[in-house]
Amino acid sequence: MAKPHIDLHLHTLFSDGVSTPEQVAEEAQNMDLAAIALTDHDTIEGCPRLAKACAEHGIEFVPGTELSTDIEGHEMHLLGYFLDTENEELIRETTLYQQNRTDRVHDLVRQLNSIGVGLRADQVFDLAKCRAPGRPHVARALVKHGFCSTMDEAFTRYLRKGAPGWAPKVNVRFEEGIRLIHQAGGLAVMAHPGLNKIDHLIPDMVRAGLDGIECWHSRHPKSTAKRYREMAARLGLLITGGSDCHGPSRGRHPLIGTVRVPYEILDEMKRRLPRSSTSRQI
């Protein structure tokens, strides 16, 4: 019998994914996943719906988020797991995170307008239909309204860092992100470190209370995953992993479940939780 696997990095249309929570649960069942976590950007709003859908499919669910933080001028995404989604401070602070995202969309549109691209902010928000909009929504709007042919073109021509339509996003300090996750009873994990290229700052994050590193990721080759597993062992950190699936893209099957993370990883995470948090796998 095959050993169970999990996927701890997933997005829905509550941030920049394209799938509903119910569709994510169905895909997880199709991939025979034993457990999944929802890590929408800067929001926990989709967790109750995905928890309900997972229960209907017999899948263990871990409520989470992916917070946008800053460390010495570098954007660093911080995954939070086993969160109390009714925690008042978490709800209040993620609402502020979402406002930062909305403000950035306005900044991106103004920048695009300044170079002759006539996209309107309302066209982005009409497409996003969520409280945590981001650059992917701007890219989709650029394609929908005929300014670009593909999302790849939108990012390359306008939205990647340094491109003429790019605008920075205001993020909180990583220490505040870690503190917010911990006060909500959760574990704080650095997302996709192989994409950040700030390994020299990881010891600072550990001193601030970082609990783990995402070693397995759809854009981490085996050598990168191995390097971060070894680093985690040296630093006493948890290891986690997930596909970072945002749903079907360009006709391809969604990434969910394609990064094979063993269930034992989730067991170890539970052992690190405060006792009061262990009931928050739903």
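The values are calculated or read from the model by the stated rules, or taken from the named source; none is laboratory data. Source: prediction; values computed, not measured. Cβ sites come from the backbone with ideal geometry, for glycine too, and all protein chains shown count toward neighbours.
List the helices (runs of 4 or more DSSP H) inside region 138-213, counting only whole elements, that have at least 3 residues being among the aliphatic types (A, V, I, L, M), surrounded by fewer than 17 Cβ atoms within 10 Å (Cβ to Cβ) and assigned by TED's automatic domain parsing to the domain that holds T69.
Working: elements: 151-154, 174-183, 193-196, 202-207.
Of the helices (runs of 4 or more DSSP H) lying wholly inside region 138-213, none has at least 3 residues that are among the aliphatic types (A, V, I, L, M), surrounded by fewer than 17 Cβ atoms within 10 Å (Cβ to Cβ) and assigned by TED's automatic domain parsing to the domain that holds T69.
Looking at H200, H220, which one is modelled with pLDDT of 95 or more and under 18 Å from I6 (Cβ atoms)? Full working, then the answer.
Values: H200 fails: under 18 Å from I6 (Cβ atoms).
That would be H220, the only listed residue that is modelled with pLDDT of 95 or more and under 18 Å from I6 (Cβ atoms).
Rundown of residues vs (1) over 12 Å from the mean Cα position of the chain (by Cα); (2) at pLDDT 95 or above; (3) assigned to a strand (DSSP E or B); (4) surrounded by 17 or more Cβ atoms within 10 Å (Cβ to Cβ), yes/no style:
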residue	(1), (2), (3), (4)
A37	no, yes, yes, yes
R49	yes, yes, no, yes
K52	yes, yes, no, no
A55	yes, yes, no, no
V62	yes, yes, yes, yes
L67	no, yes, yes, yes
H77	no, yes, yes, yes
G80	no, yes, yes, yes
L90	yes, yes, no, yes
Quiz item: If we keep just the residues of region 97-108 that are in contact (Cβ under 8 Å) with a residue 40 or more places away in the chain and over 17 Å from the mean Cα position of the chain (by Cα), which is farthest from L33 (Cα to Cα)?
Solution: D107
Self-check item: Sole exception among (1) within 17 Å of the chain's Cα centre (by Cα); (2) touching a residue at least 60 places away in the same chain (Cβ under 8 Å) for M269, by number
Solution: (1)
Quiz item: How many residues, within region 92-130, are surrounded by 17 or more Cβ atoms within 10 Å (Cβ to Cβ) and outside any helix (DSSP H, G or I)?
Solution: 3
Quiz item: Looking only at residues in region 156-188 that are aliphatic (A, V, I, L, M) and at pLDDT below 95, which one is nearest to Q111 (Cα to Cα)?
Solution: V170
